[in-house]
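Visitor: Got a structure for you, questions after.
Each reported figure results from applying straightforward, stated rules to the coordinates on display, with no laboratory input. What you see is a predicted model; the values in this text were computed from it and never measured. A quick note on method: Cβ atoms are made from the backbone with ideal geometry, for glycine too, and the neighbour counts reach across all protein chains shown.
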Amino acid sequence: MPERNFAVRPATDADRLPLSRMFAAVAEERDGIATEPPVDVEARAQSFDLAGTFVAEVEGEIVGTLHVEASRFGFGELGMAVARPWRGRGVGTALMGAALAWAREQGLHKLSLSVFPHNVAAIALYRRFGFVEEGRRIKQFRRASGELWDSIEMGLLL
Ligand SMILES: CC(C)(COP(=O)(O)OP(=O)(O)OC[C@H]1O[C@@H](n2cnc3c(N)ncnc32)[C@H](O)[C@@H]1OP(=O)(O)O)[C@@H](O)C(=O)NCCC(=O)NCCS
């Protein structure tokens, strides 16, 4: 992978399709995010709520995204993904930095997220930003394989 720099910015309408394609590629891994294939790329592209969505971009290519779904109750639910070739290069860290600044600007008091227990890279990233483990949901997610996966609930007071 050549050394190319990424930039983080709020998502726009033009990002919908590339974002959806990246999301579908991460879903193919059947590992880090809850969604599994098949992903209806067109439908998913239209369904994204762009408010609270950030993208990491390299020369016009979307290589990462993070979404905060702000609730009416002061907390935001966070989800994120980075394209596999770009992991471990600080993209997730930069997205999280942008999201935290945005969430504070919005006046949210807390960010929450769910993560699979085996997702050590994600958990390490969240801990580094101060997220703490608040609980574990047992056999919460039924996978296409039939397996039932726990999730760890994490939270960060802003
Ligand atoms: C989780 C994810 C978003 C992180 O994005 P990223 O761009 O790789 O993140 P960064 O490069 O900024 O940082 C990754 C951190 O994880 C650490 N890490 C990576 N692999 C690790 C491992 N196997 N064990 C422990 N820590 C690990 C890195 O060391 C780095 O921390 P550091 O900077 O302190 O060294 C990315 O791995 C991803 O998209 N995974 C698939 C989708 C997913 O799991 N999304 C989250 C769902 S809850």
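Visitor: Along the positive direction of the dipole of region 7-157 (beta-carbon charges: Lys, Arg +1; Asp, Glu -1; about the Cα centre), which of VAL82, LEU156, THR12 reaches farthest?
Guide: LEU156
Visitor: Follow-up question, since we're still on this one. Identify the trypsin sites (Lys or Arg not before Pro) of region 1-105 meeting these criteria: DSSP loop state and at most 16 other C-beta atoms within 10 Å of the C-beta.
Guide: Counting only loop positions with at most 16 other Cβ atoms within 10 Å, the trypsin sites (Lys or Arg not before Pro) in region 1-105 are ARG4, ARG30, ARG72, ARG87.
Visitor: Would you pull out the residues with amide H under 5 Å of ALA11's amide H, same chain only if 5 or more places away, H placed 1.01 Å from N?
Guide: Those lying under 5 Å, H to H, from ALA11 are THR53, PHE54, VAL55.
Visitor: Based solely on its DSSP helices, what 222 nm [θ] is calculated for the chain when runs of n ≥ 4 H residues each add -39,500 (n - 2.57) and the sum is averaged over all residues, nearest 500 deg cm²/dmol?
Guide: So the calculated ellipticity at 222 nm is -8500 deg cm²/dmol.
Visitor: Sticking with this one: Show me, for region 58-64, the HN-Hα J-couplings you get by feeding each phi into the Karplus relation (A = 6.51, B = -1.76, C = 1.60, θ = phi - 60°), rounded to Hz, glycine and proline as x.
Guide: Per residue, the Karplus-derived 3J(HN,Hα) values read 10, 6, x, 9, 7, 10, x Hz.
Visitor: While we're here: Note down the net charge around SER20, summing +1 for each Lys or Arg and -1 for each Asp or Glu among other residues with Cβ under 11 Å from its Cβ.
Guide: Overall, the nearby charge balance is 0.
Visitor: Also: Can you give me the P(r) profile for region 7-157? Cα pairs, bins 10 angstrom wide beginning at 0, each as a whole percent.
Guide: That works out to 11, 41, 40, 9, 0, in percent per bin.
Visitor: Provide LEU108, LEU157 in ascending order of the number of other Cβ atoms located within 10 Å of each residue's Cβ, fewest first.
Guide: Fewest-to-most Cβ neighbours within 10 Å comes out as LEU157, LEU108.
Visitor: Further, regarding this structure: Relative to the Cα centre, what is the charge dipole magnitude of region 7-157, using +1 at the beta carbon of each Lys and Arg, -1 at the beta carbon of each Asp and Glu, and rounding to the nearest 20 debye?
Guide: 440
Visitor: Which residue, VAL68, VAL26, VAL39, has the most motion in a Gaussian network model of the chain that connects Cα atoms within less than 10 Å?
Guide: Fluctuation is largest for VAL39.
Visitor: Work through the residues other than HIS67 whose Cβ is under 10 Å from its Cβ and net out their charges, Lys, Arg +1 and Asp, Glu -1.
Guide: Local net charge: -3.
Visitor: Quick check: convex hull over the Cα atoms of region 31-105, volume per residue in Å³, rounded to an integer?
Guide: So the per-residue hull volume is 121 Å³.
Visitor: Shifting gears a bit: Please compute the net charge surrounding PHE141, taking Lys and Arg as +1 and Asp and Glu as -1 over other residues with Cβ under 13 Å from its Cβ.
Guide: Summing Lys and Arg as +1 and Asp and Glu as -1 gives +1.
Visitor: Please report how far the C-alpha centroid of region 108-148 lies from that of region 1-47, rounded to the nearest whole angstrom.
Guide: For region 108-148 versus region 1-47, the Cα centre distance is 20 Å.
Visitor: For the chain, what is the relative contact order in percent, using Cα pairs closer than 8 Å and at least 6 residues apart in sequence?
Guide: 19
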